Amino acid sequence: IGELPRLKHGQRVTIGGILVARQHPPTAKGFCFLAIEDPDGIVNVILAPDVYARCREATRRLFVLVEGVVQKEGGAIHVMAQTVTAL
């Protein structure tokens with residue numbers, strides 16, 4: 001997670017850590033939002049509805065591995081998940 005600021009927008013990345021928060025609000029059109037923490041910090045992870053449907057069980061575990069794409073918008077950095085795997 002500490003390396004994310006050095007990566008480019010759109011670059012593929014794999015991160016792992018503790019899932020410290022999960023939100024799946026009914027107003028989010030099926031999107032799910034995770035906060036993943038490792039010793040270097042915390043990053044927000046976004047799951048599109050199809051990814052959430054496929055990886056739902058993993059989002060209920062403590063330790064996860066996320067593969068996705070770095071997105072940088074207005075100084076904020078997050079990861080758009082393509083897959084989430086429980087560790």
**Asked** Considering only protein heavy atoms, what is the solvent-accessible area of residue 73 at a probe of 1.4 Å, reported in Å² to the nearest 10?
**Response** 110 Å²
**Complete:** Contact order relative to length for the chain, counting C-alpha pairs under 8 Å separated by 6 or more residues, stands in percent at 32 percent
**Request:** Work out the charge dipole of the chain with +1 on the Cβ of Lys and Arg and -1 on the Cβ of Asp and Glu about the Cα centre, then indicate which of 85, 69, 27 is farthest towards its positive end.
**Result:** 27
**Prompt:** Among rounded, prolate and oblate, which fits the stretch 5-87 when a ≥ b ≥ c are the square roots of the eigenvalues of its C-alpha gyration tensor, a/c under 1.5 means rounded, and a/b larger than b/c means prolate?
**Reply:** oblate
**Message:** Counting only protein heavy atoms and a 1.4 Å probe, tell me what percentage of the chain's accessible area is made up of carbon and sulfur.
**Reply:** 54 percent
**Item:** Heavy-atom SASA rank of 19, 62, 87 (probe 1.4 Å, accessible area, largest first)
**Value:** 87, 62, 19
**Complete:** Low-density loop chymotrypsin sites (Phe, Trp or Tyr not before Pro), the stretch 1-81, at most 15 other Cβ within 10 Å, DSSP non-H/G/I/E/B, are 31
**Accessible surface, the chain, averaged per residue in Å² (probe 1.4 Å)** = 59 Å²
**Item:** Cα centre as origin, Lys/Arg/Asp/Glu Cβ charges: the chain dipole, Debye
**Value:** 220 debye
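The values are calculated or read from the model by the stated rules, or taken from the named source; none is laboratory data. It should be emphasised that the depicted structure is a prediction, and the values quoted were computed from it without experimental measurement. Please note: Cβ atoms are built from the backbone with ideal geometry, for glycine as well, and neighbour counts cover all protein chains shown. Protein only, heavy atoms only, side chains kept; ligands, DNA and RNA dropped before computing areas. Shrake-Rupley method; radii C 1.70, N 1.55, O 1.52, S 1.80 Å.
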